[in-house]
There are 2 protein chains.
Amino acid sequence: MLIVQKYGGTSVGDCERIQNVAKRVVESKEKGNSLVVVVSAMSGETDKLLGYTKFFSRLPKEREVDMVLSAGERVTSALLAIALEEMGYKAISLSGRAAGIVTDTSHTKARIEEIDTTYLNELLAKDYIVVVAGFQGVTEKGEVTTLGRGGSDLSAVALAGALQADLCEIYTDVDGVYTTDPRIEPKAKKIDKISYDEMLELASMGAKVLLNRSVEMAKKLNVNLVTRSSFNYNEGTLITKEEEIMEHPIVSGIALDKNQARVSICNVEDRPGIAAEIFGALSEANINVDMIVQTIGRDGKTDLDFTIPEVELENTKRVLKAFEGSVESIDYDSDIAKVSIVGVGMKSHSGVAARAFQALAEDNINIMMISTSEIKISMVIRLKYAELAIRTLHSVYQLEK
Amino acid sequence: MLIVQKYGGTSVGDCERIQNVAKRVVESKEKGNSLVVVVSAMSGETDKLLGYTKFFSRLPKEREVDMVLSAGERVTSALLAIALEEMGYKAISLSGRAAGIVTDTSHTKARIEEIDTTYLNELLAKDYIVVVAGFQGVTEKGEVTTLGRGGSDLSAVALAGALQADLCEIYTDVDGVYTTDPRIEPKAKKIDKISYDEMLELASMGAKVLLNRSVEMAKKLNVNLVTRSSFNYNEGTLITKEEEIMEHPIVSGIALDKNQARVSICNVEDRPGIAAEIFGALSEANINVDMIVQTIGRDGKTDLDFTIPEVELENTKRVLKAFEGSVESIDYDSDIAKVSIVGVGMKSHSGVAARAFQALAEDNINIMMISTSEIKISMVIRLKYAELAIRTLHSVYQLEK
């Protein structure tokens, strides 16, 4: 099998850990696999380097920030190659440039445009373990870029796609994706297989194992993604096409997001375009609006409720000041939590939502907002009930089994 | 003027110091100069990175070592560019690759083969301050290389040569080249101008400001080299062509080397080729033989005295074991010091040596070996007299004036 492995900052946090990664790489190699290994910078290194740039400027030039940040991954990739060579294996480190990763010119958050795999394939054919510095590429003109948060995951997924690898393994310090946060519900179980779409819904809700950018790219490039721990040998979670999963549970997982706030606008003029104006203004201010509920208008007026990230609260208040004249009142409420039930199995099963509503009602938890999609039901409740709701729903759908 | 400035590891040792370097660069820019600035890694950084590589292997693969080490200079170059931009100047950092520095393939001690200055000249024409990561280049195939000890100085001198810069300023933590070590003779004076050849003799004797590789390259490329401190505004020392210096003092400086050992071989068979055999064997073992004195043979035998670096003493003993049969005795003596008088003015002045011998005799210092060249007189004396000899000679040639 051709496998792309990716080891995050914690996994390569110091020399001992890099040595441990080398051991794991070799174990996979010994099973007869061809290997491309993508590494992050040692944990803390990127923050340290970023701190340096901030010493000189509040807004350091992004081209130069990329030149600074890209150094971290170069170091770990070469160190891992040295460790592998010392163990008797042919290994070589490649910068993003040498790995053929070409991006657009958006420094510090570049998008991968294409990967020229010629040199990579040449090295793999010669039986090299190829260690690639993650998080980085070059523009067509050869300027170094970095890919932003979760960038090394992206490097790995993109390389797996370009090389048509059989598997892309993302190693972190957690075992995989869980049915819910095990710190809230100790009975939470690791999920063996999950579809890209379910993972996207879980990830956006705070299951921090993988950022959505990587899952989206994996879906687009048809990459079989496994997330697992580099600190033990537990099987991880396979994220793959829906069709690859034989039996779908109705509900795959319960997600929690405590970092949202609710905005309630009362008696908005019920004229065409007013909602568009409001959401347009928020979008221009880069405020990500999530759940939107609009109640039927009475007396030519309507109520509008939606959620925003809590950190954008002040920003939102500033933007909405402009609309104060045309509405009765605007209320802000950050004492809320969003609980979501995710599962592709829902599509073919009615009554999933009803069971959730009933279970929460039995716990005397008031549901303040509801929004549903084909594979997700999200509910806004009071913050203090968040953990209780998670445990109740986890049990209702028997996810501990 | 087009000036290449180079700042060493101590000068860019932390963010405050990089900020200080930015100020100095700007001062020079404000005088109307075009500037290329070469920087080393933050002091300690290269050793830290080298330490990492040694964690994994006693002999880490040199290609990978270069990948690791080159990261340090990339970081400082970008940080300096950020600092300069923040001060309102157009600045851009370039890796060795981007600066067009092409080397041979000898990883960790590569030699610069050529510099493609197209991009550099383009940036200078656009009034950019170009900050180049020192110590590194790439092979023709694009593999990253490093230039070995003193590599950033080499980068600077080579760039100055290729760009036909008016000046190459090497900034360190000392004011320049002194007539002798000021820690031994407080009356030592900074030299304003010195020829390449004199500098080469002084440097090889332990005036550690510049390595000979850089001075040799400056001589070859006709680069006017200035060495000065980045911590004050004292004028430094200009190292240039002999012809550029109007008035030569007879003696420019007194150098001391305490790290030599003397080897005395008594009654070597006086047959052709025996000396060649001995020095051939030493050369093969990479032992650098310096002063050589051979006394006239008697009874078909001859005595051979020479000096070697003290650290090579054990190595030398091992090599010379093979010759024990063909000589009467081999003595080793590391209780010595080599004192050298350097000056191009000597060429046209007789009696320089005689004055030295007389002065040392008056101090009761016995001269054990003498060797002379056009611009240098070296003498081996007992180690304990080293400082006294330096002070005496410094005064004899009135270098304090």
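Taking a point 7 Å out from Cα toward Cβ as the label site, list the nm distances between B:Gln164 and the same residue in every other copy, smallest first.
Ordered by increasing distance: 5.5 nm.
Mind checking segment A:59-142 for trypsin sites (Lys or Arg not before Pro) that DSSP puts in a loop (not H, G, I, E or B) and that have at most 16 other Cβ atoms within 10 Å?
Working: sites: A:Lys61, A:Arg63, A:Arg74, A:Lys90, A:Arg97, A:Lys109, A:Arg111, A:Lys126, A:Lys141; in loops: A:Lys61, A:Lys90, A:Arg97, A:Lys109, A:Arg111, A:Lys126, A:Lys141.
Qualifying residues, ordered by number: A:Lys90, A:Lys109, A:Arg111, A:Lys126, A:Lys141.
At 0.36 nm per residue, and after removing the present C-alpha to C-alpha distance, how many nm does the segment from A:Asp335 to A:Glu314 gain when stretched out fully? Before the final figure, lay out each step's value.
On the way: separation 21, 0.36 × 21 = 7.56 nm, distance 1.49 nm.
Working it through step by step, the gained length comes to 6.1 nm.
Normalised by the number of residues in chain A, what is the relative contact order in percent for Cα pairs under 8 Å and 6+ residues apart? Walk me through the numbers on the way to the answer.
Working: 862 pairs, mean separation 53.9, N = 401.
Value for chain A: 13 percent.
Mind checking A:88-99 for the average number of partner chain beta-carbons within 10 Å of each residue's beta-carbon? Don't skip to the answer; put the middle values down first.
Values: counts 0, 0, 0, 2, 5, 6, 1, 6, 0, 4, 4, 0.
Mean partner shielding for this stretch: 2.
By a straight-distance test (C-alpha under 17 Å), which aspartates and glutamates pair with A:Lys48 as possible cross-link partners, with residues fewer than eight away in the same chain excluded?
The qualifying aspartates and glutamates are A:Asp14, A:Glu62, A:Glu64, A:Asp66, A:Glu73, B:Asp14, B:Glu16, B:Glu45, B:Glu73.
Could you work out which residue, out of A:Val342, A:Val177, A:Val289, moves most in a Gaussian network model of chain A, that is, has the largest mean-square fluctuation with Cα springs under 10 Å?
Per the Cα network of chain A with a 10 Å cutoff, A:Val289 tops the list.
Tell me which residues come under 5 Å, amide H to amide H, from B:Gly148 once H is placed; ignore anything under 5 positions away on its chain.
Amide H neighbours of B:Gly148: B:Ala110.
First measure r as the distance between the Cβ atoms of B:Phe357 and B:Asp299, then evaluate 1/(1 + (r/R0)^6) with R0 = 22 Å and state the FRET efficiency to the nearest 0.05. Walk me through the numbers before you get to the answer.
Working: r = 30 Å, r/R0 = 1.34.
In this case the efficiency is close to 0.15.
Taking the dipole about the Cα centre of segment B:271-401, with the C-beta of Lys and Arg at +1 and of Asp and Glu at -1, give me whichever of B:Gly343, B:Leu282, B:Tyr385 is farthest to the positive side.
The listed residue farthest towards the positive side: B:Gly343.
Quote to one decimal, in nm, the extra length available between B:Lys384 and B:Ser264 on full extension: 0.36 nm per residue of separation minus the C-alpha distance between them.
Working: separation 120, 0.36 × 120 = 43.20 nm, distance 1.98 nm.
41.2 nm is the gain from fully extending B:Lys384 to B:Ser264.
For chain A, set up a GNM with springs between Cα atoms under 10 Å and report which of A:Ile274, A:Ile381, A:Ile254 has the largest fluctuation.
A:Ile274
Please report, for B:Thr105, the nm distances (one decimal) from its label point, 7 Å out from Cα along the beta-carbon direction, to the equivalent points in the remaining copies, shortest first.
Between copies, matching label points for B:Thr105 lie 3.5 nm apart.
If you plug each phi of segment B:96-110 into the Karplus form 6.51 cos²θ - 1.76 cosθ + 1.60 with θ = phi - 60°, what whole-Hz ³J(HN,Hα) values come out, in order, with x for Gly and Pro?
x, 4, 5, 7, x, 7, 9, 10, 6, 9, 7, 4, 6, 8, 6
Give a quick list of GluC sites (Glu not before Pro) in segment B:314-401 that DSSP marks as loop, anything other than H, G, I, E or B, with at most 12 other Cβ atoms within 10 Å. All intermediate terms of the calculation are to be shown ahead of the outcome.
Numbers: sites: B:Glu314, B:Glu324, B:Glu328, B:Glu362, B:Glu374, B:Glu387, B:Glu400; in loops: B:Glu328, B:Glu374, B:Glu400.
Qualifying residues, ordered by number: B:Glu328, B:Glu374.
Could you list the GluC sites (Glu not before Pro) in segment A:210-251 that lie in coil according to DSSP, counting only those with at most 14 other Cβ atoms within 10 Å of their Cβ? Spell out each step's value before the answer.
On the way: sites: A:Glu216, A:Glu235, A:Glu242, A:Glu243, A:Glu244, A:Glu247; in loops: A:Glu235, A:Glu247.
Sites meeting the loop and neighbour criteria: A:Glu235, A:Glu247.
Are there any helices in chain A, counted as whole DSSP H runs, that stretch 24 Å or more along their axis by Cα and score at least 0.0 on average by Kyte-Doolittle, and if so which?
Working: long enough: A:62-86 (37 Å, 0.35).
Those that clear 24 Å and a mean of 0.0 are A:62-86.
Which residue fluctuates the most in chain A, going by a Gaussian network model with Cα springs under 10 Å, if the choices are A:Ser28, A:Ser329, A:Ser93?
It is A:Ser329.
Which value results for Rg/Rh of segment B:91-240 when Rg is the Cα radius of gyration and Rh the Kirkwood radius based on the inverse mean 1/r? Mind dumping the intermediate values first?
On the way: Rg = 16.0 Å, Rh = 16.0 Å.
Ratio value, two decimals: 1.00.
Put +1 on the Cβ of each Lys and Arg and -1 on the Cβ of each Asp and Glu in chain B; which of B:Ile245, B:Ile292, B:Val36 then has its Cα farthest toward the positive end of the dipole?
Going by the charge dipole, the pick is B:Val36.
Suppose only helical runs count, i.e. DSSP H with n ≥ 4. What mean residue ellipticity at 222 nm does that imply for chain A under -39500 (n - 2.57) per run, divided by all residues and rounded to the nearest 500 deg cm²/dmol?
Details: 11 runs with 133 residues, N = 401.
Estimated from H runs of four or more residues: -10500 deg cm²/dmol.
What is the distance, in nm, between label points placed 7 Å from the Cα along the Cα-to-Cβ direction at A:Ile367 and at B:Ser106?
Placing both labels 7 Å beyond Cα along the Cβ direction yields 7.6 nm.
Within a 10 angstrom radius of the beta carbon, how do A:Lys384, A:Lys54 rank from fewest other beta carbons to most? Don't jump to the answer; show the numbers that get you there.
Details: A:Lys384 10, A:Lys54 14.
Ordered by Cβ neighbours within 10 Å, fewest first: A:Lys384, A:Lys54.
Principal axis lengths of chain A from Cα atoms, whole Å, largest first?
Projected onto its principal axes, the Cα set of chain A covers 77, 52, 32 Å.
Cross-link candidates for B:Lys189: which aspartates and glutamates have Cα within less than 12 Å, leaving aside residues fewer than 8 places away along the same chain?
Of all the aspartates and glutamates, those that pass the test against B:Lys189 - Cα under 12 Å, at least 8 places apart if same chain - are B:Asp175, B:Asp181, B:Glu400.
Can you flag which of B:Lys187/B:Lys347; B:Lys241/B:Lys317; A:Lys54/A:Lys338; B:Lys190/B:Lys384 are past 32 Å Cα-Cα? Don't skip to the answer; put the middle values down first.
Working: B:Lys187/B:Lys347 26 Å; B:Lys241/B:Lys317 41 Å; A:Lys54/A:Lys338 35 Å; B:Lys190/B:Lys384 26 Å.
Violating the 32 Å Cα-Cα cut-off are B:Lys241/B:Lys317; A:Lys54/A:Lys338.
Each value in this text was obtained by applying a stated rule to the coordinates, not by laboratory testing. Since the structure is predicted, the reported quantities are computational estimates derived from the model, not experimental observations. Don't worry about glycine lacking a Cβ; one is built from the backbone with ideal geometry, like all the others, and counts go over all protein chains shown.
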